[in-house]
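Worksheet: one structure, shown below.
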Amino acid sequence: MKENKKTYPPNWVVMQNNIQECFKSMNIDEKRMLILASPIARTTNATEKDPIVITAEEFAKECGIKTHSAYTQLETASRNLIKRNFSYNNDRGKRVLSNWVIDCTYEDGGIAIRFPEIVLLMLKEFDKINPYTKYKKDIVLKLKRDYSFDLYHLAKKHQAIGHFEMSLEHIKNELGLPKSYDKLCNLKDRVIKPSLDEITKNTDIDLAYENIKKGRSVVGFKFTVKEKPKPKVIEVKKARDTNTIDMFCDMTDAQINKYSNILSKQSELSDLSNFPDYPTFALWIAGILRDPQSVREETATRIFKALHSKTDFK
C-alpha cells in the first residue's frame, strides 16, 4: 500500500497527464463525461465491476445546458466513447489496444458506465511515476468549446512553470485538428484565439500566446500562464469576522486529511452532514480546508472554529 497518498475532494478533477493524448479525438460531451467520472472513480475507488452513474440532471446542471437535451447528449457521447480505443505500452513493453468503455447501461434519467482498469488507473493513481494535473470541476465545465478543454488542461499542467511552447505540428497532433487548420490563419482564428479568450474569461487563469518564428515563418507558439489574483486575506477576515481561517491556510495535505477525518465525527458539525458515511463527509471537509471560499461563509467559519477549538490542533 502506498504511504502518504494524496487525496482530493469530489469537486476536483484529477487525471494523469497521459489522458490528454487520448482526449484529442473526443468531442466536448465525451470530455465532459470523463471530467464528471473522474472524482467519482477516485472517491469510490471504482473497479471494472463498478458502474459510474452520470444523471441527465447532474450533466445539465454541471455543464450549464438545457435539462431536456442533457440525456440525448449523454447518450450520444456514450455511444461515441464506447467505439473509441487507444493504445499504451504495458509493463513488459508490449503495445496494448484498449477500449475506453466496457459497457453503458441506459437507465431512467441517466447512464451507468463501466471503465476498464487502465482507464480507472488514469483517473485514480497519481504520483511521480504517474504525473497528473488537477483543477476545479466547476471551473473547467464552464468551458463550451472543444479545444478550450485541451488547452486549459495543458495550461494547468504547466502552470507552476508559467509558460510552455508547442510547435505548430505538435499543436495539431495534441488537439487532433483536421487538415483545414493547416493554414495558420485558420488555426489562430478558429482555435487558439477563441479558446484562450474563453479560458481567460471563465477560469482561474489568464492564458496568452505569442508567435515563435524561424526567420520570417511562424513555427509554433509560446503560451504564458498566469494565475488570476485571489481576494486579499484581509477582505476574507472582514467578511467572516474571524482570524481562525487564516491560522490554518498553510496546512499540508497530511494535516488536512488528519483533521478532516477527526472533524467528520464531531457532534457540533453533524447537522452539516448529508453524506452516507464518515469518509465521504471527511472528503467534503477537506475540500473546505483547502478552499474555504468554495462554500457559504458561515459554513466555512463553523468548520474552522471547530478545528480551532480542538486542543490537539493548536
Taking the alpha-carbon centre of each part, the distance from the stretch 159-173 to the stretch 182-216 in Å is 11
If you take the C-alpha gyration tensor of the stretch 1-144, multiply each eigenvalue by 5 and take the square root, what semi-axes do you get, largest first, in whole Å?
-> 24, 18, 14
Among 199, 161, which comes first, then next, by fewest other beta-carbon atoms within 10 Å?
-> 161, 199
For 65, 285, order by how many other beta-carbon atoms lie within 10 Å, fewest first = 65, 285
Separation of the residue 49 and residue 161 label points, Cα + 7 Å toward Cβ, nm = 4.3
Proxy exposure order for 68, 153, 163 (fewest C-beta within 10 Å first) is 68, 163, 153
Could you give the length gained on full extension between residue 217 and residue 96, defined as 0.36 nm per residue of separation minus the Cα-Cα distance, in nm?
-> 39.7 nm
Between residue 66 and residue 128, what is the spin-label point distance in nm, taking each point 7 Å from the Cα along the Cα→C-beta axis?
-> 5.3
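Read the figures in this text as sums done on the coordinates, not as results from a lab. This one's a predicted model, so the numbers in the text were calculated from it and none came from an experiment. Please note: Cβ atoms are built from the backbone with ideal geometry, for glycine as well, and neighbour counts cover all protein chains shown.
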